[in-house]
Amino acid sequence: MSLAIAPQRRAFDSAPTPLAEARGVPARFIGVTRRFGQTPVLDGLDLDIPAGQFLAVVGESGCGKSTLLRQLAGLDAPSEGAVAIGGAEPVTRMMFQEPRLLPWRRVLANVEVGLPARVNKAEGRERALSALKAVGLADRAGEWPSVLSGGQKQRVALARALVSRPQLLLLDEPLGALDALTRIDMQRLIERIWLEQGFTAVLVTHDVAEASALADRIVLVDSGKVALDLPAPLPRPRRRGSPESAAIEARILDQLFGA
Amino acid sequence: MQQQTLDAAQAAAFATDAARRPGASATPDAPVAARPPQTQSAPRRMAGIERRLAGWILPLLLILAWEALSRAGVIHGNVLPAPSAIALAGWQAARSGDLFQNMAVSAARALAGLIVGGAIGFVFGIANGVSELSHRYTDTTLQMIRNVPHLALIPLVILWFGIDEEAKLFLVALGVFFPIYINTLHGVRTVDPHLIEMGRAYGMTPVTLFVRVILPGALPSIFVGLRFALGVMWLTLIVAETIAAQSGLGHMAMQGREFLQVDVVMLAILIYALLGKLADVLTRLLEGVCLSWHPNFQPARS
């Protein structure tokens, strides 16, 4: 689980009331090792994520990038070291590779799953509706998830993650199962919402082009360590296939395949 | 499991469901084809009636053939009375009030046993599905008891309870316990672990997780258990009433045998068939309400 971070980090804290506009919190890995049996999946990993940054974590399958995200989500604890997230009570939300909607709840009720427990019913409904509106699915609020397309389901999952106004949004290859066009659409949507809300975002992906389309900074994880830490200070909103992003992609691929 | 074909009641529910949301699929990015225009509703309604009645055509033809053969003297009345004779026996039993008295007694026994046994099975199924500790300590015992045919306990039950109500209640409860237990346990254990992980990541408390994720996820399987349990319920009750009872449908059939009233015996058997069908229809209606989210229970799309 996450530890409270040292007092001097409180400067990054979010707004004083929980209902004020959400802002990002910083997060930090301090010498994190996670073993499954004898094999370390994360091996003394150090990583500092400033508040509001859009960080992409790329790597080959099995390199430990999903484990890294699960540490941030509190779904898994390090064997050694510590994971710290800033803020008094940071709201962390996760989007998975699958939409993971509750099939027995209608779309709106699925979004309401993401609400904090203390929100009353009427306000919760309103917030859920506006989150659905933000992902462009307000007109499908009364449907069962089973009638939605894959991209629509993932948009509902995004609304569910956003409805609690998270300060840290974790994205575990959320677009991996979508077709190419829907994927570009979703990338634009995520970028726009991130620009509006300013939360810290950590995107795990195996798609280097996706990382360079979205992230401020790209980290390559290999054998449980950070193998490459690359800033990607490109202007937003980004155009796909620009020479700058192509150059970044090339550097990452070179590192990966040692060309 | 749980792949029943759609029957008439569900088909009707679908029709109203589709009508309630007109144009729901009109958005350009909707993944479903547009529904047929409204002008087709008359043939559709005919098709609905056809679907509703189709299952009854074969029984009806059988009864007609049976009646004809009886009247022609091919089937002897001492072996198998004509349907009309059975209907007459039913009418007489109904007029004297015996029939309804017996049906009410049997139904009350069946329901009481189902509620007692079903509740115990449900609680154990949930407990053993959620708690590894509970499973470790009780499942072996339950599985051993399960493999004793509960009808083999009839002599023992008569020794314990005589032929009073307790005997029937005990046997029916024991019979329905296992299908409900096994299927509830299976349902809880097979809830999508991804959804449970999502619930945890979204800060659900164990109680919320159970109410929102585990129980609804187990429900389709629990319904399968319920339908099995209904079959076991009738079977147990009939055997128990036939062997040891002073009222109820089984008792009515046994009396018919003693007085060589084959028509009364047949009447009891036919009523069993009808009550079994009724229980099944009620379960399906309940399923349609509780599982309306399930793709199997949603309107078929052309």
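The values are calculated or read from the model by the stated rules, or taken from the named source; none is laboratory data. The shown structure was predicted, so the numbers you read here are calculated from the model rather than taken from an experiment. Every residue, glycine as well, gets a Cβ built from its backbone with ideal geometry; the counts of neighbours run over all protein chains shown.
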Checking the conditions here, which among A:172, A:229 is at pLDDT 90 or above and under 21 Å from residue A:159 (Cβ atoms)?
A:172
Scan the range A:209-216 and tell me whether some residue there is touching a helix residue (DSSP H, G or I) at 6+ places or on another chain (Cβ under 6 Å), under 20 Å from residue A:97 (Cα atoms) and of a type in the set (S, T, N, Q).
yes
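Is there a residue being under 30 Å from residue A:71 (Cα atoms) and surrounded by fewer than 22 Cβ atoms within 10 Å (Cβ to Cβ) anywhere in the range B:217-237? Spell out how you get there, then give the answer.
We begin by selecting, within the range B:217-237, every residue under 30 Å from residue A:71 (Cα atoms); these are B:217-218.
Next, from what is left, pick out any that are surrounded by fewer than 22 Cβ atoms within 10 Å (Cβ to Cβ): B:217.
Among the residues of the range B:217-237, at least one is under 30 Å from residue A:71 (Cα atoms) and surrounded by fewer than 22 Cβ atoms within 10 Å (Cβ to Cβ), which makes the answer yes.
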For the range A:87-129 the number of residues that are within 30 Å of residue A:44 (Cα to Cα) and either within 14 Å of another protein chain (Cβ to nearest Cβ) or not aliphatic (A, V, I, L, M) (or both) is 11
Considering residues that are under 18 Å from residue A:50 (Cβ atoms) and part of a strand (DSSP E or B), the number found within the range A:205-227 is 4
Do any residues in the range B:216-230 that are without any contact (Cβ under 8 Å) to a residue 60 or more places away in the chain have Cβ atoms under 7 Å from those of residues that are charged (D, E, K, R), where the two are at least six apart or on different chains, and which pairs are they?
B:217/B:192; B:227/B:280
Unique match (being crowded, with 19+ Cβ neighbours inside 10 Å and farther than 30 Å from residue A:112 by Cβ) among B:249, B:278, B:195
B:249
Where residues in the range A:61-86 are more than 14 Å from chain B (Cβ to nearest Cβ) and over 18 Å from residue A:171 (Cβ atoms), which of them is surrounded by the most Cβ atoms within 10 Å (Cβ to Cβ)?
A:86
Is it true that residue A:176 is small (Gly, Ala, Ser), closer than 22 Å to residue B:205 by Cβ and more than 12 Å from every other protein chain (Cβ to nearest Cβ)?
no
Please work out if residue A:237 is touching a Lys or Arg at 6+ places or on another chain (Cβ under 8 Å), assigned by TED's automatic domain parsing to the domain that holds residue A:76, part of a loop (DSSP other than H, G, I, E, B) and not charged (D, E, K, R).
yes
